[in-house]
1. Quick check: the angle from helix 186-195's long axis to the longest principal axis of the chain, C-alpha only, nearest 10 degrees?
2. Run through segment 1-43 and list the GluC sites (Glu not before Pro) located in a DSSP loop whose Cβ has at most 14 other Cβ atoms within 10 Å.
3. Can you list residues whose amide H is under 5 Å from Tyr56's amide H, if they're 5+ apart or on another chain and H is modeled 1.01 Å from N?
4. Specify the angular offset, from 0 to 90 degrees and rounded to the nearest 10, of the alpha carbon long axis of helix 210-232 from the longest principal axis of the alpha carbons in the chain.
5. Sequence-distant or interchain residues sharing an amide H contact under 5 Å with Leu135, placed H: which?
6. Can you tell me what the convex hull of the Cα atoms of segment 3-195 projects to on average, as an area in nm²?
7. Need the full-extension length gain, Gln6 to Glu127, defined as separation in residues times 0.36 nm minus the C-alpha distance. One decimal, nm.
8. I'd like the Karplus ³J(HN,Hα) series for segment 51-56: coefficients 6.51, -1.76, 1.60, θ = phi - 60°, whole numbers in Hz, and an x wherever there's a Gly or Pro.
Amino acid sequence: MLFLFQDPLGDAHGLAYLYPQAALYREAGEGYADLTALAGEVREGELVLKLRLARYPNPLGGPLGFSLATALVYLDLAPGGEEALLPGLRTPPGQGWEAAFVVTGFGVERKSPEGKREAVRAWREGEWVVWSTGLPPGEYGYYGAVGLFDPFAPWYLRPVSPEGGAWVLGAPLGMPPVVDVLALRPEDQRAAYQEGVLRPLRPKRFALEAPSLAAFGLGALSLVLAFLLGRKGR
């Protein structure tokens with residue numbers, strides 16, 4: 001695994017957003033739009049992404065096993081890029097995105113800043129929704145957000161309105177149409193909504209350098225020899 005970002009459980013409410021009041025949502029309970037983790041792996045030389053939600057109700061029969069949430073994952077592949085994520089939400093200056101993945105229970109699409117869309121291969125592995133990115137592994141930045149599925153909206157996200165309603169989120173005008181964003185701490189999510197700026201998460205390197213590996217090997221060998229000599233001397 002290249003990285004694992006874990007998002008706090010139970011924070012899928014934006015800034016006190018009101019969920020739609022249609023029976024479809026009331027009967028689904030909570031947690032279906034709660035992002036809990038994003039992970040990356042290398043498989044056959046390709047970057048594969050994995051996303052996990054708290055729950056997967058599927059009243060609309062999505063083939064990926066859920067149907068009420070839409071997740072967005074943006075990748076910062078190079079300097080510059082598109083800084084607008086969604087209405088009311090941007091990246092920091094100079095840390096825009098070059099590729100986005102729109103994840104619904106009906107499939108995953110890759111989207112470019114110019115609006116080009118293409119379907120990518122996606123599947124389920126237990127509690128994870130997994131998809132191929134078509135990208136090599138690299139030192140990328142990651143943005144994530146989850147809203148409610150709307151098959152007719154450009155990003156498959158239900159809009160917001162101050163009054164809320166049966167099929168829209170209740171939130172002040174100008175707020176982003178998502179109830180959860182990828183952030184490691186609650187205060188980071190709160191700041192993203194308040195400032196309108198979502199900061200990327202970037203994997204840390206865990207690999208040991210070659211000299212460190214050599215030192216580790218010598219240290220382990222010394223311990224083994226000391227143990228064997230100690231037993232021999234008994």
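1. Roughly 40 degrees, rounded to the nearest 10.
2. Glu30
3. Placed amide hydrogens put nothing under 5 Å from Tyr56.
4. With rounding to tens, the tilt is 50 degrees.
5. Amide H neighbours of Leu135: Leu47.
6. 10.1 nm²
7. Here the segment from Gln6 to Glu127 would lengthen by 42.2 nm.
8. Using θ = phi - 60°, the values come out as 10, 10, 9, 5, 8, 9 Hz.
A short reminder: the numbers here are calculations on the coordinates, not readings from a lab. Owing to the predicted nature of the structure, the values given are computational and were not obtained by experimental measurement. Every residue, glycine among them, receives a Cβ derived from its backbone with ideal geometry; neighbour counts consider all protein chains shown.
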